Amino acid sequence: NNLINLLKTQKGERYLQPRLGLNLRNLLFEPITTDTQDEIESEIILAISTWLPFVKIQQLQVSLTGDDGYERNKLKIDLTFSLTELPNMLDSIQIEI
């Protein structure tokens, strides 16, 4: 739950912790290129290492979910991770923004 909340929180949204979260919503209306996807992945990795250092990312994939209309500006994040205390136990989450 902590990981999902971190990824869905916009920077500045959390009272007294303005640096908590990511600026993913700002990137939704930018042209999604490989550079943009790399920027999103880097921002996710930095936020997780800063706010949830006990989470180890195993696999991270950022992609668009559709090609037209409403679906075009939807971002899909697939994240597979483990906890540093339980490195052999993998879990995954999928988020659409």
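The values are calculated or read from the model by the stated rules, or taken from the named source; none is laboratory data. Treat the numbers as computed from the prediction; the structure is a model and nothing was measured. Glycine also receives a Cβ, built like all others from the backbone with ideal geometry; neighbour counts cover every protein chain displayed. These accessible areas exclude ligands, DNA and RNA; they are computed on the full protein's heavy atoms, side chains included. Shrake-Rupley method; radii C 1.70, N 1.55, O 1.52, S 1.80 Å.
Going through L20, L24, L16, L7 one at a time, which residue ends up being over 21 Å from T84 (Cβ atoms) and open to solvent by less than 30 Å² (accessible area, probe 1.4 Å)?
When all the criteria are applied, what remains is L24.
Considering only the stretch 27-53, how many residues are within 12 Å of the chain's Cα centre (by Cα), open to solvent by 80 Å² or more (accessible area, probe 1.4 Å) and under 20 Å from N1 (Cβ atoms)?
Selection size over the stretch 27-53: 1.
Output the residues belonging to the stretch 27-64 that are out of contact with any helix residue (DSSP H, G or I) (no Cβ under 7 Å at 6 or more places or on another chain), part of a loop (DSSP other than H, G, I, E, B) and at pLDDT 80 or above.
P53, F54
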